[in-house]
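Asks: Provided herewith is a single structure, encoded as structure tokens, for subsequent inquiry.
The values are calculated or read from the model by the stated rules, or taken from the named source; none is laboratory data. Values in this document were obtained by computation on a predicted structure and should not be read as measured data. Cβ placement follows ideal geometry from the backbone for every residue including glycine, while neighbour counts extend to all protein chains displayed.
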Amino acid sequence: MSRPGRTPVTFTSMRTAISRRMVESKSKAPHFYVSTEIEMEAVTAANDALNAQQPAEARVTLTAWLVRAIAQSLAAYPALNAVWNGETLEQVDAINIGIAVANVINFLNPQYIVLGGGVLDALQDDMMPIIVATARDYAMTGTDKGIEIIASRLGDEAGITGSAVLARQGLKT
């Protein structure tokens, strides 16, 4: 039985078995990850230009660009805006930040997702629980284990602080 706002997608029995096995594989079988480098110079330059005249509380992070890109992709390719509920694939009617965060989890498997920005800062107590619950609901079974979804607390210092932490960790290894 599908939930409101979701439309079941009809599969062949073979496709259903493949989908079920993929979820089992992700949550139970040992696996490895492949990573790639992405050229972000244009996005970084656009972000710097956007933030140049903004006060600290109104600045945008690169995570916001990633979440926005995923949300736009879900709008452009509705077939990707779907969730496997254990028996059927349901195409989701709504697109929201929680679903975009779920896709970041599904595609990138990060340890942390840090969200920030003026709107989130102003409405953090109301928005974060909804975003986290939605992301966990829409992430593939097992993929959200150990992932922390948190609101940024560093403001403008986030990028430089993160770089310093990574550099320090690199020196220790």
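Asks: Looking at Leu171, Leu123 in this structure, which one is at pLDDT below 85, in a helix (DSSP H, G or I) and over 30 Å from Ala52 (Cα atoms)? Steps first, answer last, please.
Replies: Details: Leu123 fails: over 30 Å from Ala52 (Cα atoms).
It is Leu171.
Asks: Could you grab me the full set of residues in region 66-100 that are aromatic (Phe, Trp, Tyr), touching a Ser or Thr at 6+ places or on another chain (Cβ under 9 Å) and without any contact (Cβ under 8 Å) to a residue 60 or more places away in the chain? First the steps, then the outcome.
Replies: Step one: of region 66-100, the residues aromatic (Phe, Trp, Tyr) are 77, 84.
Checking which are touching a Ser or Thr at 6+ places or on another chain (Cβ under 9 Å) leaves us with 84.
Across region 66-100, there are no qualifying residues.
Asks: Do any residues in region 133-149 that are at positive phi have Cβ atoms under 8 Å from those of residues that are polar (S, T, N, Q), where the two are at least six apart or on different chains, and which pairs are they?
Replies: Filtered contacts from region 133-149: Gly142/Ser27; Gly146/Gln111.
Asks: Go through (1) part of a helix (DSSP H, G or I); (2) over 17 Å from Val67 (Cβ atoms); (3) at pLDDT 80 or above one by one and return the number of the condition Ala133 breaks.
Replies: Ala133 satisfies every listed condition except (2).
Asks: Taking Ala102, is it small (Gly, Ala, Ser), touching an Asp or Glu at 6+ places or on another chain (Cβ under 9 Å) and either surrounded by 13 or more Cβ atoms within 10 Å (Cβ to Cβ) or assigned to a helix (DSSP H, G or I) (or both)?
Replies: Numbers: small (Gly, Ala, Ser): yes; touching an Asp or Glu at 6+ places or on another chain (Cβ under 9 Å): yes; either surrounded by 13 or more Cβ atoms within 10 Å (Cβ to Cβ) or assigned to a helix (DSSP H, G or I) (or both): yes.
Taking the combined requirement at face value, the residue satisfies it.
Asks: Counting just the residues of region 84-114 that are at pLDDT below 80 and over 25 Å from Ser27 (Cβ atoms), which one comes out nearest to the chain's Cα centre (by Cα)?
Replies: Among those that are at pLDDT below 80 and over 25 Å from Ser27 (Cβ atoms), it is Ile95.
Asks: In region 145-164, which residues are surrounded by 12 or more Cβ atoms within 10 Å (Cβ to Cβ) and modelled with pLDDT of 80 or more?
Replies: Ile147, Ile149, Ile150, Ala151
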